[in-house]
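Beneath this line is the structure, given in structure tokens, with notes to follow.
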Amino acid sequence: MSTNIPPPVPASGIESDFEKDRRLVEQLHGARSRIQGELGKVIVGQNQVVEQLLVALFCGGHCLITGAPGLANTLLVKTLSRLFRLSFQRIQFTPDLMPADITGTEILEDTERGRELVFSKGPIFANMILADEINRTPPKTQAALLEAMQEHQVTAGGVSMKLEEPFFVLATQNPIEMEGTYPLPEAQLDRFMLNIVIDYLGEDDEVAVVTQTTALRSESVEELFGGQDLVGFQEVVRKVPIAEEAVRYAVRLAAASRPGRPEAPDFINDLVNWGAGLRAGQNLVLGAKARALLEGRAHVTKEDIRALAPPVLRHRILVNYRAEAEGVSVETLIERLLEHMDRGGAGGS
């Protein structure tokens, strides 16, 4: 399927909604390989991470990226913003960072009308925000992102200001075991569509990275799309049809993670304090639509939902002390939940 030549525009010169959607679907299907090709100039490996990031971008969702420092988290996000010609701001979260350092503040300036307070915009006023090491700052400052993430606006001095679309927050966090980290509150965790884990590379990929980064500067990354293209992709993703059976599968999967509910298996009741909420089902379905288009399909399957279960659920399931004592991770619980659904649990068959 060609991604470079759009379908012809009618003689009238006006492109119909159907033709526009078809053109965007073709571009979206080809976007995956083209973006991976450009990212490959600076990023080695991490194909699953790139796929999940693209799913979030094409859904308009925010991402939490978990991994140790030095795994190219910042470089990956910055390169993505360049590919889509998006304005980019990086905010380094530190223990002394204040909310006004993110949203902006009023300063006294000399104007034609005399001295008056003028709002100076903070780094949040960009298309793509990299909140680097977000869990190194206290909850008060973390909460400064909540309104921007949910409402796409910032309120300062009693005035609400809309943020330019598209708007994404891609936050990196250090593993909670590291020194000087503050766990994100559950309300803010739920605002992130996906929690993407970046792990260490295999030996061959690590050799490639070391070789590439210690040689002459690599070739530059080509800009492929614009911000409005991304907005168009997001609209097309929401139009992808999905069968009620697949929606019920996503809803039942999320419901099965909630202890004390009839749908929950015994191991969830024994090992989980809090399960996934309504946003989990919404994100599973919306993400599955984007994944289907990236795979070249115009319909959603249960496999799309299963593939997105780990990044959608891993930050929404909170284990209890018994799970921690027994060394049972959230990843293990998600695997057991999927197996439970395959056996017909909660109507999974």
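For residue 169, indicate whether it is assigned by TED's automatic domain parsing to the domain that holds residue 36, β-branched (Val, Ile, Thr) and within 26 Å of residue 38 (Cβ to Cβ).
Yes, satisfied.
Only residues that are more than 17 Å from residue 280 (Cα to Cα) and of a type in the set (Lys, Arg): list them for the stretch 232-249, please.
239
Among the residues of the stretch 291-311, count how many are free of Cβ contacts under 8 Å to residues at least 40 places away in the same chain and at positive phi.
So the count comes out to 0.
Against the conditions (1) outside the structural domain of residue 96 (by TED's automatic domain parsing); (2) of a type in the set (A, V, I, L, M, F, W, C); (3) modelled with pLDDT under 90, where does residue 255 fall short? Just the number, please.
(3)
This table checks each residue for (1) surrounded by 23 or more Cβ atoms within 10 Å (Cβ to Cβ); (2) in a helix (DSSP H, G or I); (3) of a type in the set (Gly, Ala, Ser).
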residue: 264; (1), (2), (3): no, no, yes
residue: 268; (1), (2), (3): no, yes, no
residue: 288; (1), (2), (3): yes, yes, yes
residue: 296; (1), (2), (3): no, no, yes
residue: 300; (1), (2), (3): yes, no, no
residue: 310; (1), (2), (3): no, yes, no
residue: 328; (1), (2), (3): no, no, no
residue: 331; (1), (2), (3): no, yes, no
residue: 337; (1), (2), (3): yes, yes, no
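Going residue by residue through the stretch 300-323, is there one that turns out to be polar (S, T, N, Q), modelled with pLDDT of 90 or more and closer than 19 Å to residue 49 by Cα?
No.
Please find, within the stretch 138-163, the residue that is surrounded by the most Cβ atoms within 10 Å (Cβ to Cβ) out of those that are part of a loop (DSSP other than H, G, I, E, B) and in contact with a strand residue (DSSP E or B) (Cβ under 9 Å, 6 or more places away or on another chain).
Checked the stretch 138-163; the qualifying residue surrounded by the most Cβ atoms within 10 Å (Cβ to Cβ) is 163.
Could you tell me whether the stretch 88-100 includes any residue that is assigned to a helix (DSSP H, G or I), more than 28 Å from residue 291 (Cα to Cα) and of a type outside the set (D, E, K, R)? Working first, answer last.
First, the residues of the stretch 88-100 that are assigned to a helix (DSSP H, G or I): 100.
Applying the additional criterion that residues be more than 28 Å from residue 291 (Cα to Cα) yields 100.
Add one more test, that the residue is of a type outside the set (D, E, K, R), and what stays is 100.
Within the stretch 88-100 (the criterion being assigned to a helix (DSSP H, G or I), more than 28 Å from residue 291 (Cα to Cα) and of a type outside the set (D, E, K, R)), the answer is yes, since at least one residue qualifies.
Just to check your reading of the model, which residue among 119, 125 is in contact (Cβ under 8 Å) with a residue 40 or more places away in the chain and aromatic (Phe, Trp, Tyr)?
119
Looking at (1) of a type outside the set (A, V, I, L, M, F, W, C); (2) surrounded by fewer than 12 Cβ atoms within 10 Å (Cβ to Cβ); (3) in contact (Cβ under 8 Å) with a residue 12 or more places away in the chain, which is the one condition that is false for residue 111?
With respect to (1) of a type outside the set (A, V, I, L, M, F, W, C); (2) surrounded by fewer than 12 Cβ atoms within 10 Å (Cβ to Cβ); (3) in contact (Cβ under 8 Å) with a residue 12 or more places away in the chain, residue 111 is out only on (3).
Out of everything in the stretch 101-122 that is in a strand (DSSP E or B) and among the charged types (D, E, K, R), what residue ends up being nearest to residue 88 (Cα to Cα)?
Pass one, the stretch 101-122, residues in a strand (DSSP E or B): 104-111, 114-121.
With among the charged types (D, E, K, R) added as a condition, the list becomes 106, 109-110, 115-116, 121.
On the way: 106: 22, 109: 27, 110: 30, 115: 32, 116: 30, 121: 14 Å.
Applying the filter and picking the extreme gives 121.
When you check residue 279 against the structure, is it basic (Lys, Arg), surrounded by fewer than 18 Cβ atoms within 10 Å (Cβ to Cβ), assigned by TED's automatic domain parsing to the domain that holds residue 316 and within 14 Å of residue 311 (Cα to Cα), yes or no?
Working: basic (Lys, Arg): yes; surrounded by fewer than 18 Cβ atoms within 10 Å (Cβ to Cβ): yes; assigned by TED's automatic domain parsing to the domain that holds residue 316: yes; within 14 Å of residue 311 (Cα to Cα): yes.
Judged against the criteria, residue 279 is a match.
So for the stretch 166-186 (the condition being touching a helix residue (DSSP H, G or I) at 6+ places or on another chain (Cβ under 8 Å), assigned to a loop (DSSP other than H, G, I, E, B), exposed (fewer than 14 other Cβ atoms within 10 Å of the Cβ) and in contact (Cβ under 8 Å) with a residue 60 or more places away in the chain), does at least one residue qualify?
There is at least one residue in the stretch 166-186 that is touching a helix residue (DSSP H, G or I) at 6+ places or on another chain (Cβ under 8 Å), assigned to a loop (DSSP other than H, G, I, E, B), exposed (fewer than 14 other Cβ atoms within 10 Å of the Cβ) and in contact (Cβ under 8 Å) with a residue 60 or more places away in the chain.
The values are calculated or read from the model by the stated rules, or taken from the named source; none is laboratory data. In this text the structure is predicted, and so the values were computed from the model without any measurement. FYI the Cβ positions are ideal-geometry reconstructions off the backbone, even for glycines, and counts take in every protein chain you see.
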